[in-house]
Amino acid sequence: MVQAYGADTGNDRVGPEPERAGPGSRLRDLRDRWTRDPGIWRRGIVLALCSVLLTLVMAFHARIPNTIGNLGSLSETFLPWIGVFVPLLLVLGLVRRSATALIALLLPVVVWFNVFGGLLTDKSGSGGDLTVATHNVNADNPDPKGTARTVADSGADVIALEELPSGKVAAYKAALADRYPYHSVQGTVGLWSKYPMSGTRPVDIKMGWTRAMRSTVTTPEGKVAVYVAHLPSVRVKLHAGFTANQRDDSADALGEAISGERLGKVILLGDLNGTMNDRALNGVTAQMRSTQGAAGDGFGFSWPASFPMARIDQILVKGVEPMSSWTLGATESDHLPLVARVEL
C-alpha cells in the first residue's frame, strides 16, 4: 500500500528539486543569447545611422542652411525635442537585439546632455532687487482683467504686455492702475511700472506699425533701460517651409537699437517668436543673457500654453545679474507669462 501510494502521488522521487529560475539567471540567459548571436553587430545598422544623424543635427545645427525654407531656424526652434527620439531608438535597438544600435545611441545621449543638461537643474537663487514680467496676452483674450491681475500677483515691479488690441487697452489699464502708477502703451505693446518712467518712445523694428518700445525705469538702485518687443510671427507652410524673413529683419533692427543703448543696464521683455538657439535672433541674443538660461528652473517653455513646446517669450538682460526665472500658470492667452528676479 505504501508503494502504491508513492507511485500514485510521485512522492517516491528522491533527490533535489529542480532549481527555479530567478531574476539573476534570466538576465544571464539573456546575456548568453545576445553574446552567442552572430548577428548582434550586423543588425540595426539603420538604427545606428539614425543615432548618428540625431547627433549631427544637435552638434552642428548652426550649419544647417536657412536657404531652403529656413530649415536651420526651424530645427533650432524645437532642438531640445530631438531627445524624444532617444527612447524610441532604445526600444527599437532592444527589439532588434542590436549591439551596434545601442552603442551608437550613446552619441546623441551624450551630446543632448552636453547641450541641454544644464537646463534640467534648478539654477534659481535668492536675492535680487527688481522683479520683471512679460506676457503675450493674445488679442482675443476674453478676460483682460483676470489676465492682468494674474501677472501682477507675481509681485513684478515692471510688467510688459504684448498683443494689446486697441479696444482692450482700457481694461488692462484699469486692472493694473492700483499697483502700477506709471505706464505707457505704444502700438500693441505696453509697459507698466511701480517706478517712474521717462524717455519712453516707440522702437522701429521695420514692421510698418509699432510693436516695440523703450523706456527708462528709475528704480531705487538706479536707472535701467527696459525694451518691450513683439517680433513678427513665423509660419510653417508646405510650399514655403519655415517663413520667418520678416521676423529675422525685425530681430536685426531690434538688436541694432539695443546695441546703441546708452544706459549700461538693459532688460528686454517680450515675445520674440524664436528661441535662444535660433541663429536668426543672434543680433539680440549675442549681446544679452537669458534669465531662464542663467537662473531658471527647467526649460521654461512658454508656448503653446496648452502644451508648452518652445520658449519663444523671453526675458533677456545686459549689465544685470539674473537671480531667478520662472513661468506662471496659464491665463486666457495661448502663451504663458514669464517672470524673473534680477540684481541691478
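Normalising the Debye intensity of segment 24-120 to I(0), with uniform scatterers on Cα atoms only, and taking log10 at q = 0.12, 0.15, 0.25 Å⁻¹ returns -0.48, -0.67, -1.20.
Across the chain, the mean sequence separation of Cα contacts (distance under 8 Å, 6 or more residues apart), normalised by length, yields a relative contact order of 18 percent. Over every Cα atom in segment 120-173, the radius of gyration and the widest Cα-Cα span, Dmax, amount to 13.6, 42 Å.
Across every pair of non-identical alpha carbons in segment 240-344, the mean reciprocal distance, once inverted, gives a Kirkwood radius of 14.3 Å.
Between T218 and T121, the FRET efficiency from the beta-carbon distance, with R0 = 41 Å, is close to 0.70. The charge dipole of the chain, taken about its Cα centre with unit charges on the Cβ of Lys, Arg, Asp and Glu (plus for the first two, minus for the last two), comes to roughly 680 debye. Determine, from the Cβ-Cβ distance of K145 and R42 and an R0 of 56 Å, the FRET efficiency 1/(1 + (r/R0)^6), rounded to the nearest 0.05. Calculated value: 0.25. When the Cα convex hull of the chain is projected onto planes of every orientation, the mean area is 28.1 nm².
Were the residues from A330 through A174 laid out at 0.36 nm apart, the gain over their Cα-Cα distance would be 54.0 nm.
Of all DSSP bridge pairs formed entirely within the chain, close to 80 percent run antiparallel. Looking at the calculated P(r) for segment 70-114, what percent of the C-alpha pair distances fall above 15 Å? Here the tail beyond 15 Å accounts for 50 percent of pairs. With the simple spin-label model, which puts each label point 7 Å out from Cα in the Cβ direction, the T67 to V91 separation comes to 3.9 nm. Convex hull volume per residue, computed on the Cα atoms of segment 157-300, equals 137 Å³. Of all lysines in the structure, those lying under 29 Å Cα to Cα from K168, and not within fewer than 8 positions of it along the same chain, are K145, K194, K206.
When trypsin sites (Lys or Arg not before Pro) are flagged only if DSSP places them in a loop and at most 14 other Cβ atoms lie within 10 Å, the longest unflagged stretch of the chain comes out as 43-205.
The slack in the chain from Q287 to S198, taken as 0.36 nm per residue of separation less the alpha-carbon distance, amounts to 29.7 nm.
We did not get these values from a lab; they are worked out from the coordinates using the rules stated. These figures come from a predicted structure and were not determined experimentally. Heads up, the Cβs are rebuilt from the backbone with ideal geometry, glycines too, and the neighbour counts pull from every protein chain shown.
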